[in-house]
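Structure first, commentary second.
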Amino acid sequence: MSARTRFRFTLAPLLLGLLSGAPATAEEGRPDGEEIARRVNARADGSNVSRILIMDLIDKNGFRRRRETRSFRRDFENGERRSVLFFDAPANLKGTALLTWDDPDPTRDDVQWLYLPDLRKARRVAMSERGRAFLGTDLSFEEIKKETRVSIEDYRWRTIGEEEVDGAACLVVEATAVDPRTARELGYGRILLRVDAERWIPRFGEYWDPRGEPIKTIRIQDIREIEGVWTAHRIEAENLRTGHRTVLEFHDVAYPAALPDDLFSEAALARGAP
């Protein structure tokens with residue numbers, strides 16, 4: 001069974017119209033695509049977060065490689081969101097770290113640094129690399145940065161229907177890259193997201209490359225309420241071309257009152273996790 005047929009279509013005529021090439025419009029009372037994207041990004045997801053993140057990389061034959069990390073995220077008073085990810089295992093990745101500064105001003109570029117312990121230096125990740133796979137996973141640098149949020153300015157958004165995913169009513173949103181350059185940078189020309197209409201978390205996404213070929217799916221699962229915050233505990237990305245999968249599992253998720261400023265600096269990358 002294909003990924004799409006696992007979900008129940010609740011607006012069959014609308015979606016059949018989309019498949020036949022007819023224009024799709026949102027029904028009265030349903031938020032438009034950009035409004036849904038904004039609600040996703042406005043969802044309360046904790047101003048300070050700490051957790052353990054286990055990454056499993058699984059090839060088409062079922063061979064599994066495990067990576068263990070510690071992750072921290074903080075929102076600053078100026079609206080900037082910073083996050084840092086430290087690798088604890090395996091041995092060949094221990095000490096590797098990724099630092100992200102997500103600028104609230106869409107006219108300014110976000111910044112990422114990848115620290116490689118063998119080189120004892122942090123390398124800045126260029127905007128042109130943000131669609132590149134993150135350290136052999138099936139998630140890009142951009143997706144590691146955004147987590148369950150979306151890049152509003154990089155796409156044009158429209159609502160095209162409704163579906164049920166994992167028992168939750170979802171709005172189906174189509175995102176198309178604003179221009180060919182953005183599509184090349186991100187690696188996607190088109191995305192279909194199923195967004196939980198109650199919790200405003202994307203639950204399932206299908207991705208096409210800039211040429212229109214299907215490339216991967218991402219599922220966000222095991223969503224539980226922790227300290228009043230709806231929190232995803234499992235994310236699975238699958239490369240449809242190779243059959244390779246990446247499974248992220250979040251453990252010991254906590255929303256502390258504060259995290260120190262210097263945890264989110266270039267100097268912290270060399271020091272390692274606290």
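The values are calculated or read from the model by the stated rules, or taken from the named source; none is laboratory data. This is a predicted model, so every value here is computed, not measured. Here the Cβ is made from the backbone with ideal geometry for all residues, glycine too, and neighbour counts use every protein chain on show.
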### Message
For F86, only one of the following conditions fails: (1) more than 29 Å from N239 (Cβ to Cβ); (2) in contact with a Gly (Cβ under 7 Å, 6 or more places away or on another chain); (3) of a type in the set (F, W, Y). What is its number?
### Response
(1)
### Task
Scan (1) in contact with a strand residue (DSSP E or B) (Cβ under 9 Å, 6 or more places away or on another chain); (2) modelled with pLDDT of 95 or more for the single condition R81 breaks and write down its number.
(2)
### Query
Within the group R203, R156, which residue is crowded, with 18+ Cβ neighbours inside 10 Å and either touching a residue at least 12 places away in the same chain (Cβ under 8 Å) or of a type in the set (D, E, K, R) (or both)?
R203
## Note on the structure
Taking first residues from region 36-48 that are within 22 Å of T159 (Cα to Cα) and second residues anywhere that are basic (K, R), the pairs with Cβ under 8 Å that are 6 or more apart or on different chains are V40/R149; N41/R149; R43/R199
### Query
Is region 248-257 home to any residue that is assigned to a strand (DSSP E or B), in contact (Cβ under 8 Å) with a residue 40 or more places away in the chain and among the β-branched types (V, I, T)?
yes
### Query
Which one is nearest to E164 (Cα to Cα) among residues in region 217-273 that are polar (S, T, N, Q) and crowded, with 19+ Cβ neighbours inside 10 Å?
T217
### Query
Tally time: how many residues in region 165-200 are of a type in the set (S, T, N, Q) and free of Cβ contacts under 8 Å to residues at least 24 places away in the same chain?
1
### Message
Given the criteria free of Cβ contacts under 8 Å to residues at least 12 places away in the same chain and part of a strand (DSSP E or B), does E225 qualify?
### Response
yes
### Message
With the condition being within 22 Å of M127 (Cα to Cα) and of a type outside the set (V, I, T), I'd like the strands (runs of 3 or more DSSP E) fully within region 40-111 carrying at least 1 qualifying residues.
### Response
64-75, 81-89, 97-102
### Query
Quick one: which of A237, A257 is modelled with pLDDT under 95 and either in contact with a strand residue (DSSP E or B) (Cβ under 6 Å, 6 or more places away or on another chain) or not acidic (D, E) (or both)?
A257
